[in-house]
Amino acid sequence: MSSFTGRLHKFFSTAASATSDTVISATKQAIATTPKPTKPISQLGKLKLLAKNFKKSSKNPSFRFRIPYYESTVFRLAAAKQFLLIEDILEFQKQFEDITNERFTVRIISLYGKAGMFDNARKLEVLFRDLPEKLGIKPDRVSYNTLIKSYCVMGSLESAVGVVELMESNGLEPDLITFNTLFDALYRNKKMDDAEKLWVLMESKNVVANVRSYNPKLRALVADDRISEAVDLVEEMRAKEVMPDIYSFNALIQGFCTEKNFEQAKRWYEELVKCDVAPDRVTYEIMLPFVCDMANFDYAFQLCKDVLNSRHRVSVSVIQRVVDGLAKDLKTEEAKVLVDLANANNYFHYKLKLQAEGSCRGAKCQSFCYFSKIESIVKRDVELRAGGG
């Protein structure tokens, strides 16, 4: 073990020992005020076994790089409100040399935060902040960005923004990932003014924004019913040669569908295609129900063909609704085209069907069933004649 690793390992071990009583006390207090789990004792036994096996597995260095295993285990224990078991498996990690890796430490902080164990997370954050002064080392930019993400997950947005100042005090400038992480959290939590101040700082640092910088603001404007400002923002992006992506277009389409503005929703869908941006499942699941609500089944027919030809998996009920709408509008051929196209594909079984005669209501639907029945009789007659019957 290098002298640096030894010092850092000793630092964490000492700090953990010094704070263990207060950590346990805080955790017990949290448990005392939390409703007791309603699951049977056998389930608790399974969770204890899970924690035991996790600790055993974490002795393997390769296991400690498997982030999803850590997250899934913590989430499962948190769902059962087994906070002592969470503390047990995470504090167990401090004995390994990986704790000298800032990114590993920040991951543990993040896990505490995701489990809602903020006191534990903050204690580790204090240790993280003390590293440069106590040990003469400097975490890298990735470590700081991960710490910012951890704060954002915990909802400590003020602390997240404060890490930027901490970075600068240790000779590191925030980068695009720093700003994009903060933009996403601030706009998601409706901190519009704070986000605007961050844009000013970003420009002063000569950090060039990309589409991921703009999309959180775009979604926030749409959610705040400021759709015209959202459109202006897209035009600003284009002026700065930042091309909107599928998430940008979906946000605008959602906004206009919410406003029940069919022409603008259609315009931005067509703009998306014109810009060689491929629509995704979300695009169609926004557009199709809205177009059906507008009773524009001709356009819904075109969208459904796009869905089926591009092999997207949209809800069966949505496609069936279009088939039913076409049938009621006496558009037999279009309805059958969709049914045949959907049922013939080899990637997803939609199992669409035309309405049976007995299920129809109204003059249009009855007429459709009548003509469908005549059509099937004629078709069967042709087949019999062809077969010599």
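Per 0.36 nm of contour for each residue apart, how much would the distance between ASN343 and LEU44 grow if the chain were fully extended, relative to their Cα-Cα spacing?
103.0 nm
Along the Cα→Cβ direction, 7 angstrom out, place labels at GLU236 and GLU203. What is the inter-label distance in nm?
If labels sit at GLU236 and GLU203, their model points lie 0.8 nm apart.
Expressed in nm to one decimal, what extension gain is obtained for the pair LYS353 and GLN95 from 0.36 nm per residue of sequence separation less their Cα-Cα distance?
86.7 nm
At what distance in nm do the modelled label points of ASP175 and LYS274 sit from each other, each positioned 7 Å from its Cα along Cα→Cβ?
Spacing of the two 7 Å Cα→Cβ label points: 3.7 nm.
At what distance in angstrom do the alpha carbon centres of the stretch 44-100 and the stretch 162-195 lie from each other?
30
Mind listing the phi-derived Karplus ³J(HN,Hα) values for the stretch 314-330, rounded to whole Hz, using 6.51, -1.76 and 1.60 with θ = phi - 60°, and x for any glycine or proline?
9, 3, 4, 4, 5, 5, 4, 4, 5, 4, 5, x, 5, 4, 5, 8, 6
First compute the accessible area of the stretch 189-294 with a 1.4 Å probe, then give the percent of it belonging to carbon and sulfur atoms.
Ligands and nucleic acids excluded, carbon and sulfur give 48 percent.
Compute the accessible area per residue over the stretch 182-259, keeping the other protein chains in place, probe 1.4 Å, unit Å².
Normalised by residue count, the accessible surface of the stretch 182-259 is 53 Å².
If one puts a single equal scatterer on every Cα of the stretch 220-303 and applies the Debye formula without solvent, what log₁₀ I(q)/I(0) results at q = 0.15 Å⁻¹?
-0.51
Apply the Karplus curve 6.51 cos²θ - 1.76 cosθ + 1.60, θ = phi - 60°, to the phi angles in the stretch 224-237 and return the couplings in whole Hz, x for Gly and Pro.
Listing the rounded values in order: 8, 6, 10, 5, 5, 5, 5, 5, 4, 5, 5, 5, 5, 4 Hz.
The values are calculated or read from the model by the stated rules, or taken from the named source; none is laboratory data. All figures in this text were calculated on a predicted structure; none of them were measured in a lab. As a convention, Cβ positions derive from the backbone with ideal geometry for all residues, glycine included, and neighbour counts pool all protein chains shown. Each accessible area value is taken on the protein alone, full model and side chains, heavy atoms only, with ligands, DNA and RNA left out. Shrake-Rupley method; radii C 1.70, N 1.55, O 1.52, S 1.80 Å.
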